[in-house]
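The values are calculated or read from the model by the stated rules, or taken from the named source; none is laboratory data. Everything numeric in this text was worked out from a predicted model, so none of it was measured. Virtual Cβ from ideal backbone geometry, glycine too; neighbours counted across all protein chains shown.
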Amino acid sequence: MTVKLQLKGPLKKYANNKDLVEVKLEATPCTLAELLQQFNIPASAISFITVNEQKKGLDAALNGGEAIVMYPRVAGG
Amino acid sequence: MAYTGKVLRVNLSTGKAETEALNDKWAKEYLGGKGLSIKYLYEELEPGIDPLSEKNKLVLMTGPITGTIVPNSGKLAVAAKSPATGTILDCSIGGHFAPQLKYAGYDAVIIEGKSNIPVYLFIDDDRVELRSAADMWGKGAHETEHMISDRLGEVVTMAIGQAGENLLPMSCISTELYRQAGRGGIGAVMGSKNLKAVSVRGSKGLKAPDIRKLSAALNKIKKEDTLTEDNMWAYSDGTPMIVDLSQQTGILPTRNFQEGTFDEFEKVNSEAVKAVTKAKKACFACPLACGKYVETGTTRVEGPEYETIALCSSNCGISDLEAVLEFNRLCDDYCLDTISAGNTIAFAMEMTEKGIHDFGIRFGDVEKFLQMPELMSNKEGVGADLSQGVSYLADKYGGKEFAMQVKKLEIPGYEARGSWSMGLAYGTADRGACHLRAWPAAVEAFGDIDPFTIEGKAELVIDMQNDNSVKFSAIFCDFWALSTERMAEILSLILEREVTAEELTTIGDRVYCLARLFNEREGFTRKDDGLPERIHKDELTTGATKGKLLPKDEYDKMLSEYYKIRGWDEDGKVTADKKAALNL
């Protein structure tokens with residue numbers, strides 16, 4: 001099962017500077033936290049993640065076919 | 001090392017420049033920057049003065065870390081009574097002016113009175129001169145900086161453009177062409193004094209008692225806490241990164257805050273800006289280098305920042321990036337605050353489209369949009385009205401319910417209906433609607449906290465305001481995401497005494513309450529902490545915030561809780577007990 005993963009801004013470096021990758025899940029269901037681990041992305045680098053356009057927590061389950069977007073942590077304003 | 005111990009006081013009416021000792025007690029209680037400049041103004045300004053009269057004072061204040069090897073320590077506080085709001089006003093400006101001022105031997109400059117003729121102030125270590133700016137008057141800040149550099153050689157200059165000369169309540173001060181002390185009409189304070197620019201050159205440096213120890217400690221901190229995942233967005237993308245986050249969470253101001261998403265956001269987001277970025281730029285001692293030189297067609301500019309994109313692109317319905325960049329460049333040269341300018345133009349667009357008053361400009365009208373900076377700065381044609389800001393327009397022509405301002409300061413780039421704590425942050429910001437006093441959108445709309453509840457929001461906003469008061473007093477750049485504990489660790493090294501996070505939180509609270517006392521003395525109360533009716537009554541219609549508003553009764557409850565936790569009374573006045581606790 002695969003998901004489409006889009007990484008914003010500085011997060012792209014975790015996917016060889018590609019902003020959209022097709023990811024094969026190692027097992028299903030898998031959580032967003034496990035997906036972060038798969039790409040070695042520290043949770044501290046993330047502001048929020050959407051799954052099919054909805055903001056989701058790190059414990060959200062993925063079953064394949066989802067479109068995931070990860071937004072980087074920002075500061076200041 | 002932390003302080004030079006000297007304040008330069010320049011009286012433009014008499015032409016005298018004198019040095020005096022920095023008030024050590026105040027420096028300990030307020031650190032520097034924001035806090036210390038507000039303290040000086042609170043003690044020295046008569047209540048009720050006209051901000052554009054010679055009785056107002058302009059304070060340029062460094063902080064204890066300014067000019068040292070502490071990362072992100074290049075900012076300067078610029079403070080006065082605001083011509084836009086009548087509140088206290090402190091702005092923060094980057095670049096290299098602040099360290100040069102410290103190297104010239106001063107912690108601060110206090111500028112008083114009014115010159116009879118246009119002048120600029122030149123500070124060259126101990127030599128302080130007022131020089132004629134007659135041939136610079138009427139010119140933009142960019143040409144002014146170039147003219148001064150041609151005459152003085154290597155100096156750092158802060159200048160005003162035509163907007164400041166013409167006393168616009170949205171005029172700013174510029175340095176190094178593209179860095180601004182942006183809000184509240186701080187440029188008009190210089191204009192009212194016939195002060196075109198301040199230039200500084202310092203050669204004295206600062207001396208650390210034990211540079212090896214300091215250097216080793218700061219290198220460790222830099223490695224652990226600067227070039228980290230939390231901060232890399234500033235280097236890789238800068239503030240345009242926030243466009244995507246605001247769009248996705250439905251808080252990107254669009255068409256005068258009628259919506260929270262912009263269909264064409266991808267034409268002006270970070271990816272679009274990066275495609276035309278030619279080089280990076282950093283302020284003094286900054287490893288993050290968030291500045292970007294961009295070039296497209298005939299326009300070259302450093303920027304645009306998120307706020308410019310939010311207010312001047314999506315909020316005006318302009319998706320042409322080149323037009324936004326050119327607008328940005330024009331505003332920087334004339335010295336117009338892009339937040340207030342964009343917000344005001346968007347209001348005029350809505351007024352025109354609704355048929356309430358015809359300002360001759362509609363959403364998405366690029367040609368008219370690009371005429372506005374010049375018309376507004378020179379107060380010509382329709383620009384004469386627009387130059388006075390959104391509150392003025394609403395008083396004169398109507399539309400008050402969708403005039404997006406608090407205390408007459410135009411609201412910046414985060415929609416409060418999709419981030420309720422941002423509403424509270426705007427309502428309680430000391431200089432009117434401001435996102436820099438607290439930016440809870442980062443942990444609410446962009447984080448894990450429910451944006452559509454008032455629970456815990458008062459405490460969240462207070463904590464952030466206190467923290468930022470310390471940041472802006474020390475002065476650390478706001479884009480460095482560092483904890484209070486880390487600030488305490490660094491200040492302990494610089495001040496050579498133990499500074500605790502608790503002490504800093506108390507200082508932050510003290511600074512914020514003193515700003516409130518200043519405003520209280522000027523007649524501001526709870527009634528001035530309200531938000532525009534649109535935020536309470538008009539549901540957003542698109543994206544993640546579709547159907548959302550911030551109900552007035554909920555906002556009022558949040559505000560009351562805020563006052564209670566702050567130690568202010570139900571009318572928002574600082575109580576006697578609170579004053580005593582903070583030694584105010």
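Brief remarks follow.
- Given (1) farther than 28 Å from B:PRO71 by Cα; (2) part of a loop (DSSP other than H, G, I, E, B), number of the condition B:ALA208 does not satisfy: (1)
- Among the residues of segment B:19-55, those that are aliphatic (A, V, I, L, M) and more than 23 Å from B:GLU496 (Cβ to Cβ) comprise B:ILE38, B:LEU41, B:LEU45, B:ILE49, B:LEU52.
- Scanning segment B:188-244 for residues that are among the basic types (Lys, Arg) and within 14 Å of chain A (Cβ to nearest Cβ) gives no hits.
- For segment B:480-502, taking the residues that are touching a residue at least 60 places away in the same chain (Cβ under 8 Å), within 14 Å of chain A (Cβ to nearest Cβ) and not small (Gly, Ala, Ser), the one that is nearest to B:ASP24 (Cα to Cα) is identified as B:ARG486.
- Among the residues listed as B:ASN328, B:ASN343, B:ASN269, the single one being modelled with pLDDT of 95 or more and over 22 Å from B:GLN371 (Cβ atoms): B:ASN269
- When restricted to residues that are in contact with a Phe, Trp or Tyr (Cβ under 6 Å, 6 or more places away or on another chain) and surrounded by fewer than 22 Cβ atoms within 10 Å (Cβ to Cβ), segment B:428-453 contains 0.
- Test: residue in segment B:358-371 that is in contact (Cβ under 8 Å) with a residue 12 or more places away in the chain, out of contact with any Cys (no Cβ under 7 Å at 6 or more places or on another chain), within 14 Å of another protein chain (Cβ to nearest Cβ) and outside any strand (DSSP E or B): no
- Residue check, B:ALA77 small (Gly, Ala, Ser), assigned to a helix (DSSP H, G or I), in contact (Cβ under 8 Å) with a residue 12 or more places away in the chain and closer than 17 Å to B:VAL200 by Cβ: no
- Any hit, segment B:285-302, residues being crowded, with 23+ Cβ neighbours inside 10 Å and part of a helix (DSSP H, G or I): no
- Residue that is farthest from B:LEU482 (Cα to Cα) [pool: residues in segment A:52-69 that are within 12 Å of chain B (Cβ to nearest Cβ) and in a strand (DSSP E or B)]: A:GLN54
- Inspection of segment B:285-304 finds no residue satisfying the criterion of being within 14 Å of another protein chain (Cβ to nearest Cβ) and without any contact (Cβ under 8 Å) to a residue 40 or more places away in the chain.
- Residues that are closer than 30 Å to B:GLN247 by Cβ and part of a helix (DSSP H, G or I), drawn from segment B:504-552: B:ASP529, B:GLU533, B:ARG534, B:ILE535, B:HIS536, B:LYS537, B:GLY543, B:ALA544, B:THR545, B:LYS552
- Every residue from segment B:384-440 that is away from chain A (no Cβ under 14 Å), touching a Lys or Arg at 6+ places or on another chain (Cβ under 8 Å) and outside any helix (DSSP H, G or I): B:SER387, B:GLY389, B:GLY399, B:MET404, B:LYS407, B:LEU409, B:ASP430, B:ARG431, B:GLY432
- Positions within segment B:114-127 being in a strand (DSSP E or B) and surrounded by fewer than 19 Cβ atoms within 10 Å (Cβ to Cβ), in sequence order: B:ASP124, B:ARG127
- Qualifying residue in segment B:44-63 (condition: in contact with a Pro (Cβ under 9 Å, 6 or more places away or on another chain), modelled with pLDDT of 95 or more and hydroxyl-bearing (Ser, Thr, Tyr)): yes
- Residue within segment B:479-496 that is at pLDDT 95 or above and part of a loop (DSSP other than H, G, I, E, B) present: no
- The residues listed here are B:ILE111, B:ILE65; of these, the one that is within 21 Å of the chain's Cα centre (by Cα), part of a strand (DSSP E or B) and outside the structural domain of B:CYS286 (by TED's automatic domain parsing) is B:ILE111.
- Looking only at segment B:441-457, and only at residues there that are in contact (Cβ under 8 Å) with a residue 12 or more places away in the chain and not in a loop (DSSP other than H, G, I, E, B), the one that is nearest to the other protein chains (Cβ to nearest Cβ): B:ALA441
Residue-wise test of (1) within 12 Å of another protein chain (Cβ to nearest Cβ); (2) polar (S, T, N, Q); (3) part of a strand (DSSP E or B).
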| residue | (1), (2), (3) |
| --- | --- |
| A:LYS4 | no, no, yes |
| A:PRO10 | yes, no, no |
| A:ASN17 | yes, yes, no |
| A:GLU22 | no, no, yes |
| A:GLU26 | no, no, no |
| A:ILE41 | yes, no, no |
| A:TYR71 | yes, no, yes |
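- Considering each residue of segment B:518-528 in turn, at least one proves to be outside the structural domain of B:ASN256 (by TED's automatic domain parsing), modelled with pLDDT of 95 or more and out of contact with any Gly (no Cβ under 9 Å at 6 or more places or on another chain).
- Candidates B:SER199, B:SER192, filtered to the one that is of a type in the set (Gly, Ala, Ser) and within 22 Å of B:ASP50 (Cβ to Cβ): B:SER192
- Annotation note: of B:GLY355, B:GLY423, the sole residue that is over 22 Å from B:LEU89 (Cβ atoms) and either without any contact (Cβ under 8 Å) to a residue 24 or more places away in the chain or surrounded by 24 or more Cβ atoms within 10 Å (Cβ to Cβ) (or both) is B:GLY355.
- B:TYR103 being aromatic (Phe, Trp, Tyr) and either in the same structural domain as B:THR525 (by TED's automatic domain parsing) or more than 19 Å from B:VAL156 (Cβ to Cβ) (or both): no
- Qualifying positions in segment B:199-238 - among the polar types (S, T, N, Q) and touching a helix residue (DSSP H, G or I) at 6+ places or on another chain (Cβ under 6 Å): B:SER199, B:SER236
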